[in-house]
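Data first, discussion second: the structure below is written as C-alpha coordinates.
The values are calculated or read from the model by the stated rules, or taken from the named source; none is laboratory data. Keep in mind the model is a prediction, meaning the values are calculated, not measured. Here the Cβ is made from the backbone with ideal geometry for all residues, glycine too, and neighbour counts use every protein chain on show.
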(Lines give C-alpha, C1' and ligand atoms only; values in the text may rest on other atoms or scores of the structure.)
Protein backbone atom coordinates (compact mmCIF):
# COMPACT_ATOMS: atom_id res chain seq x y z
CA UNK A 1 0.00 0.00 0.00
CA UNK A 2 2.84 2.40 0.89
CA UNK A 3 4.43 1.83 -2.52
CA UNK A 4 1.18 2.65 -4.27
CA UNK A 5 0.89 5.95 -2.37
CA UNK A 6 4.55 6.73 -3.10
CA UNK A 7 4.00 6.22 -6.82
CA UNK A 8 0.80 8.27 -6.87
CA UNK A 9 2.34 11.25 -5.08
CA UNK A 10 5.52 11.20 -7.13
CA UNK A 11 3.72 10.99 -10.48
CA UNK A 12 1.16 13.64 -9.49
CA UNK A 13 4.04 15.98 -8.62
CA UNK A 14 5.88 15.14 -11.84
CA UNK A 15 2.84 15.72 -14.03
CA UNK A 16 2.46 19.22 -12.58
CA UNK A 17 6.06 20.32 -12.05
CA UNK A 18 8.45 18.65 -14.49
CA UNK A 19 10.78 20.86 -16.50
CA UNK A 20 9.88 21.55 -20.12
CA UNK A 21 12.84 19.99 -21.95
CA UNK A 22 13.14 19.40 -25.73
CA UNK A 23 13.14 15.62 -25.37
CA UNK A 24 10.26 15.37 -22.90
CA UNK A 25 7.23 13.69 -24.37
CA UNK A 26 9.25 12.11 -27.19
CA UNK A 27 8.30 8.60 -28.30
CA UNK A 28 10.91 8.24 -31.07
CA UNK A 29 13.50 5.86 -29.58
CA UNK A 30 16.32 7.50 -31.58
CA UNK A 31 15.59 10.92 -30.07
CA UNK A 32 15.33 9.42 -26.59
CA UNK A 33 18.61 7.53 -27.04
CA UNK A 34 20.29 10.72 -28.26
CA UNK A 35 19.09 12.72 -25.25
CA UNK A 36 20.18 10.07 -22.76
CA UNK A 37 23.66 9.80 -24.27
CA UNK A 38 24.06 13.59 -24.43
CA UNK A 39 22.98 13.94 -20.79
CA UNK A 40 25.76 11.63 -19.59
CA UNK A 41 28.30 13.89 -17.81
CA UNK A 42 26.91 17.02 -19.48
CA UNK A 43 24.78 19.73 -17.89
CA UNK A 44 21.11 19.85 -18.87
CA UNK A 45 21.41 23.50 -19.98
CA UNK A 46 24.13 22.57 -22.48
CA UNK A 47 22.14 19.61 -23.84
CA UNK A 48 19.01 21.79 -24.18
CA UNK A 49 20.97 23.96 -26.60
CA UNK A 50 22.85 21.26 -28.53
CA UNK A 51 20.15 18.58 -28.80
CA UNK A 52 17.96 20.40 -31.39
CA UNK A 53 21.03 21.47 -33.37
CA UNK A 54 22.23 17.88 -33.62
CA UNK A 55 18.78 16.73 -34.72
CA UNK A 56 18.70 19.38 -37.44
CA UNK A 57 21.76 17.77 -38.99
CA UNK A 58 20.87 14.15 -38.17
CA UNK A 59 17.07 13.95 -37.89
CA UNK A 60 16.88 10.16 -38.06
CA UNK A 61 18.88 7.10 -37.12
CA UNK A 62 19.29 6.33 -40.84
CA UNK A 63 20.76 9.78 -41.56
CA UNK A 64 23.16 9.43 -38.65
CA UNK A 65 24.22 5.97 -39.80
CA UNK A 66 25.07 7.30 -43.28
CA UNK A 67 27.09 10.23 -41.96
CA UNK A 68 30.89 10.34 -41.77
CA UNK A 69 32.49 10.13 -38.35
CA UNK A 70 34.07 13.56 -38.84
CA UNK A 71 30.70 15.20 -39.45
CA UNK A 72 29.25 13.53 -36.34
CA UNK A 73 32.19 14.64 -34.20
CA UNK A 74 31.96 18.17 -35.63
CA UNK A 75 28.30 18.37 -34.63
CA UNK A 76 29.19 17.02 -31.18
CA UNK A 77 31.98 19.58 -30.70
CA UNK A 78 31.63 21.39 -27.38
CA UNK A 79 29.72 18.60 -25.64
CA UNK A 80 32.91 16.79 -24.61
CA UNK A 81 33.51 13.09 -23.97
CA UNK A 82 33.65 12.36 -27.70
CA UNK A 83 33.68 8.63 -27.17
CA UNK A 84 29.92 9.00 -26.66
CA UNK A 85 29.54 10.43 -30.18
CA UNK A 86 31.58 7.61 -31.70
CA UNK A 87 29.53 5.02 -29.83
CA UNK A 88 26.25 6.67 -30.87
CA UNK A 89 27.42 6.65 -34.48
CA UNK A 90 28.38 2.96 -34.23
CA UNK A 91 25.01 2.15 -32.62
CA UNK A 92 23.21 3.94 -35.45
CA UNK A 93 25.07 1.82 -38.00
CA UNK A 94 24.18 -1.35 -36.10
CA UNK A 95 20.49 -0.41 -35.98
CA UNK A 96 20.41 0.64 -39.64
CA UNK A 97 22.01 -2.64 -40.68
CA UNK A 98 19.48 -4.62 -38.64
CA UNK A 99 16.64 -2.45 -40.05
CA UNK A 100 14.98 -2.61 -36.64
CA UNK A 101 15.38 -0.55 -33.48
CA UNK A 102 15.90 -2.81 -30.41
CA UNK A 103 12.83 -2.67 -28.18
CA UNK A 104 13.97 -4.33 -24.94
CA UNK A 105 16.55 -3.21 -22.41
CA UNK A 106 18.45 -6.46 -22.93
CA UNK A 107 18.70 -5.87 -26.70
CA UNK A 108 19.50 -2.18 -26.29
CA UNK A 109 22.37 -2.99 -23.90
CA UNK A 110 24.05 -4.85 -26.74
CA UNK A 111 24.47 -1.65 -28.77
CA UNK A 112 27.91 0.04 -28.73
CA UNK A 113 28.25 2.43 -25.80
CA UNK A 114 24.84 1.62 -24.31
CA UNK A 115 25.00 0.49 -20.70
CA UNK A 116 22.44 -0.71 -18.21
CA UNK A 117 21.09 2.75 -17.36
CA UNK A 118 20.72 4.01 -20.93
CA UNK A 119 19.17 0.75 -22.11
CA UNK A 120 16.60 0.85 -19.31
CA UNK A 121 15.82 4.53 -19.87
CA UNK A 122 15.15 4.08 -23.60
CA UNK A 123 13.21 0.83 -23.13
CA UNK A 124 10.95 2.29 -20.44
CA UNK A 125 10.35 5.71 -22.04
CA UNK A 126 10.07 4.65 -25.68
CA UNK A 127 8.54 1.19 -25.35
CA UNK A 128 6.94 1.11 -21.90
CA UNK A 129 9.07 -1.77 -20.62
CA UNK A 130 8.63 -1.98 -16.81
CA UNK A 131 12.30 -1.68 -15.98
CA UNK A 132 13.73 0.85 -13.52
CA UNK A 133 16.67 3.18 -14.03
CA UNK A 134 19.28 4.29 -11.53
CA UNK A 135 21.57 7.24 -12.10
CA UNK A 136 23.28 9.41 -9.49
CA UNK A 137 20.08 11.33 -8.78
CA UNK A 138 17.97 8.22 -8.30
CA UNK A 139 20.64 6.59 -6.14
CA UNK A 140 20.64 9.65 -3.87
CA UNK A 141 16.82 9.70 -3.62
CA UNK A 142 16.75 6.02 -2.67
CA UNK A 143 19.51 6.46 -0.11
CA UNK A 144 17.69 9.38 1.49
CA UNK A 145 14.41 7.45 1.60
CA UNK A 146 16.19 4.50 3.22
CA UNK A 147 18.04 6.78 5.63
CA UNK A 148 21.36 5.12 4.86
CA UNK A 149 23.89 4.64 2.13
CA UNK A 150 22.85 1.88 -0.25
CA UNK A 151 24.99 -0.06 -2.68
CA UNK A 152 24.49 0.36 -6.41
CA UNK A 153 22.82 -3.04 -6.68
CA UNK A 154 20.54 -2.25 -3.72
CA UNK A 155 19.61 0.96 -5.52
CA UNK A 156 18.58 -0.95 -8.63
CA UNK A 157 16.59 -3.49 -6.59
CA UNK A 158 14.76 -0.75 -4.66
CA UNK A 159 14.04 1.28 -7.80
CA UNK A 160 12.56 -1.80 -9.48
CA UNK A 161 10.38 -2.51 -6.44
CA UNK A 162 9.07 1.07 -6.41
CA UNK A 163 8.51 1.30 -10.17
CA UNK A 164 5.01 2.05 -11.43
CA UNK A 165 4.31 -0.85 -13.83
CA UNK A 166 1.75 1.11 -15.84
CA UNK A 167 3.85 4.26 -16.31
CA UNK A 168 7.48 3.09 -16.12
CA UNK A 169 8.90 5.80 -18.37
CA UNK A 170 7.18 8.63 -16.51
CA UNK A 171 8.08 7.10 -13.14
CA UNK A 172 11.76 6.82 -14.07
CA UNK A 173 11.83 10.40 -15.28
CA UNK A 174 10.03 11.52 -12.13
CA UNK A 175 12.64 9.88 -9.91
CA UNK A 176 15.45 11.54 -11.87
CA UNK A 177 13.62 14.87 -11.84
CA UNK A 178 13.12 14.66 -8.08
CA UNK A 179 16.84 14.13 -7.54
CA UNK A 180 17.82 16.87 -9.99
CA UNK A 181 15.48 19.60 -8.74
CA UNK A 182 14.39 18.81 -5.16
CA UNK A 183 16.45 16.08 -3.51
CA UNK A 184 19.69 17.95 -4.14
CA UNK A 185 23.10 16.73 -2.90
CA UNK A 186 23.87 19.46 -0.35
CA UNK A 187 20.72 21.52 0.20
CA UNK A 188 17.65 19.36 -0.48
CA UNK A 189 14.38 21.29 -0.71
CA UNK A 190 12.58 18.95 1.67
CA UNK A 191 9.67 21.35 2.06
CA UNK A 192 8.83 20.87 -1.64
CA UNK A 193 9.29 17.10 -1.73
CA UNK A 194 6.14 15.19 -2.72
CA UNK A 195 7.31 12.02 -0.96
CA UNK A 196 8.72 13.55 2.21
CA UNK A 197 6.46 11.31 4.32
CA UNK A 198 8.34 8.25 3.06
CA UNK A 199 11.82 9.69 3.72
CA UNK A 200 13.97 8.57 6.66
CA UNK A 201 16.57 11.33 6.16
CA UNK A 202 14.74 14.64 5.59
CA UNK A 203 17.91 16.65 5.23
CA UNK A 204 21.38 16.73 3.68
CA UNK A 205 23.33 13.51 3.41
CA UNK A 206 26.82 13.29 4.82
CA UNK A 207 29.21 14.69 2.25
CA UNK A 208 32.01 12.57 0.93
CA UNK A 209 35.39 14.18 0.64
CA UNK A 210 35.97 15.31 -2.92
CA UNK A 211 39.17 14.41 -4.64
CA UNK A 212 41.19 17.56 -5.27
CA UNK A 213 41.27 18.56 -8.93
CA UNK A 214 44.62 18.98 -10.63
CA UNK A 215 45.82 22.38 -11.85
CA UNK A 216 47.94 22.88 -14.95
CA UNK A 217 48.90 25.47 -17.57
CA UNK A 218 48.53 24.73 -21.27
CA UNK A 219 49.92 26.94 -24.04
CA UNK A 220 48.97 26.81 -27.70
CA UNK A 221 49.70 28.82 -30.81
CA UNK A 222 47.21 30.62 -33.02
CA UNK A 223 48.53 31.16 -36.53
CA UNK A 224 46.49 32.81 -39.23
CA UNK A 225 47.24 33.21 -42.93
CA UNK A 226 44.67 35.34 -44.68
CA UNK A 227 41.33 33.62 -44.08
CA UNK A 228 42.87 30.35 -42.90
CA UNK A 229 44.04 29.08 -39.53
CA UNK A 230 46.58 26.34 -38.86
CA UNK A 231 45.17 23.28 -37.05
CA UNK A 232 46.55 19.88 -36.15
CA UNK A 233 44.77 16.57 -35.95
CA UNK A 234 45.34 14.47 -32.85
CA UNK A 235 46.61 10.96 -33.41
CA UNK A 236 43.99 8.22 -33.73
CA UNK A 237 45.66 6.33 -30.86
CA UNK A 238 45.64 9.33 -28.51
CA UNK A 239 44.15 8.56 -25.10
CA UNK A 240 41.97 11.70 -25.19
CA UNK A 241 39.98 13.00 -28.14
CA UNK A 242 41.61 10.86 -30.86
CA UNK A 243 41.30 12.25 -34.36
CA UNK A 244 40.03 15.65 -33.21
CA UNK A 245 41.40 18.91 -34.61
CA UNK A 246 43.06 21.52 -32.40
CA UNK A 247 45.41 24.47 -32.27
CA UNK A 248 49.01 23.21 -31.91
CA UNK A 249 50.25 22.97 -28.34
CA UNK A 250 53.58 24.68 -27.66
CA UNK A 251 56.07 23.71 -24.99
CA UNK A 252 57.93 26.08 -22.71
CA UNK A 253 61.05 26.10 -24.86
CA UNK A 254 59.04 26.98 -27.97
CA UNK A 255 56.77 29.57 -26.37
CA UNK A 256 56.43 32.86 -28.18
CA UNK A 257 57.69 35.75 -26.09
CA UNK A 258 55.41 38.57 -25.05
CA UNK A 259 51.88 38.70 -23.78
CA UNK A 260 49.41 35.99 -24.77
CA UNK A 261 46.73 36.87 -27.27
CA UNK A 262 44.12 35.22 -25.05
CA UNK A 263 43.84 33.65 -21.60
CA UNK A 264 41.00 31.42 -20.47
CA UNK A 265 40.07 28.56 -18.17
CA UNK A 266 39.18 25.09 -19.39
CA UNK A 267 38.51 21.79 -17.62
CA UNK A 268 39.21 18.34 -19.04
CA UNK A 269 38.30 15.25 -16.96
CA UNK A 270 39.95 15.87 -13.54
CA UNK A 271 42.23 18.79 -14.48
CA UNK A 272 41.54 22.54 -14.51
CA UNK A 273 43.74 24.29 -17.08
CA UNK A 274 44.90 27.86 -17.35
CA UNK A 275 45.13 28.22 -21.12
CA UNK A 276 47.45 30.72 -22.81
CA UNK A 277 47.04 31.38 -26.51
CA UNK A 278 49.99 33.02 -28.30
CA UNK A 279 50.35 34.50 -31.74
CA UNK A 280 52.68 32.25 -33.69
CA UNK A 281 54.59 32.07 -36.92
CA UNK A 282 54.06 29.51 -39.64
CA UNK A 283 57.37 27.89 -38.70
CA UNK A 284 56.26 27.45 -35.09
CA UNK A 285 52.86 26.12 -36.12
CA UNK A 286 54.46 23.70 -38.54
CA UNK A 287 56.79 22.02 -36.05
CA UNK A 288 56.35 18.29 -35.49
CA UNK A 289 54.14 17.47 -32.53
CA UNK A 290 54.16 13.80 -31.71
CA UNK A 291 53.36 12.82 -35.29
CA UNK A 292 50.17 14.89 -35.40
CA UNK A 293 49.08 15.98 -38.87
CA UNK A 294 48.49 19.68 -39.51
CA UNK A 295 47.15 21.85 -42.30
CA UNK A 296 45.72 25.23 -43.08
CA UNK A 297 41.95 25.31 -42.80
CA UNK A 298 39.73 28.03 -44.27
CA UNK A 299 37.78 29.79 -41.53
CA UNK A 300 34.59 29.18 -43.49
CA UNK A 301 35.20 25.43 -43.17
CA UNK A 302 36.49 25.24 -39.60
CA UNK A 303 33.06 24.41 -38.13
CA UNK A 304 32.82 21.36 -40.40
CA UNK A 305 35.79 19.74 -38.62
CA UNK A 306 35.56 17.81 -35.34
CA UNK A 307 37.23 20.41 -33.13
CA UNK A 308 38.28 19.75 -29.56
CA UNK A 309 36.18 21.61 -27.02
CA UNK A 310 39.13 23.83 -26.12
CA UNK A 311 39.82 24.82 -29.73
CA UNK A 312 36.13 25.51 -30.23
CA UNK A 313 36.16 27.74 -27.15
CA UNK A 314 39.31 29.60 -28.26
CA UNK A 315 37.99 30.30 -31.76
CA UNK A 316 34.68 31.51 -30.32
CA UNK A 317 36.53 33.84 -27.94
CA UNK A 318 38.52 35.19 -30.88
CA UNK A 319 35.27 35.87 -32.75
CA UNK A 320 35.98 33.31 -35.46
CA UNK A 321 33.06 31.00 -34.63
CA UNK A 322 29.50 31.90 -33.64
CA UNK A 323 28.68 31.39 -29.97
CA UNK A 324 26.20 28.58 -30.70
CA UNK A 325 28.93 26.36 -32.24
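Do we have any residue at all in the range 135-144 that's over 20 Å from residue 178 (Cβ atoms) and at pLDDT 95 or above?
No, the range 135-144 has no match at all.
If you take the residues in the range 247-272 that are within 20 Å of the chain's Cα centre (by Cα) and under 19 Å from residue 312 (Cα atoms), which one is modelled with the lowest pLDDT?
Going through the range 247-272, the residues within 20 Å of the chain's Cα centre (by Cα) turn out to be 265-272.
Filter once more, so that each one left must be under 19 Å from residue 312 (Cα atoms): 265-269, 271-272.
On the way: 265: 93, 266: 90, 267: 86, 268: 80, 269: 75, 271: 86, 272: 90.
Step by step, filter the range 247-272, then rank; the result is 269.
Restricting the search to the range 288-303, which residues are modelled with pLDDT of 85 or more and surrounded by fewer than 20 Cβ atoms within 10 Å (Cβ to Cβ)?
294, 295, 296, 297, 298, 299, 300, 301
How do the pairs read when you match residues in the range 236-251 that are at positive phi with residues anywhere that are exposed (fewer than 12 other Cβ atoms within 10 Å of the Cβ) and part of a loop (DSSP other than H, G, I, E, B), using Cβ under 8 Å and keeping only pairs 6 or more apart or on different chains?
Note: pairs meeting the criteria are 243/236.
Which of the residues belonging to the range 154-175 are under 24 Å from the mean Cα position of the chain (by Cα) and more than 13 Å from residue 120 (Cα to Cα)?
Correct list: 155, 174, 175.
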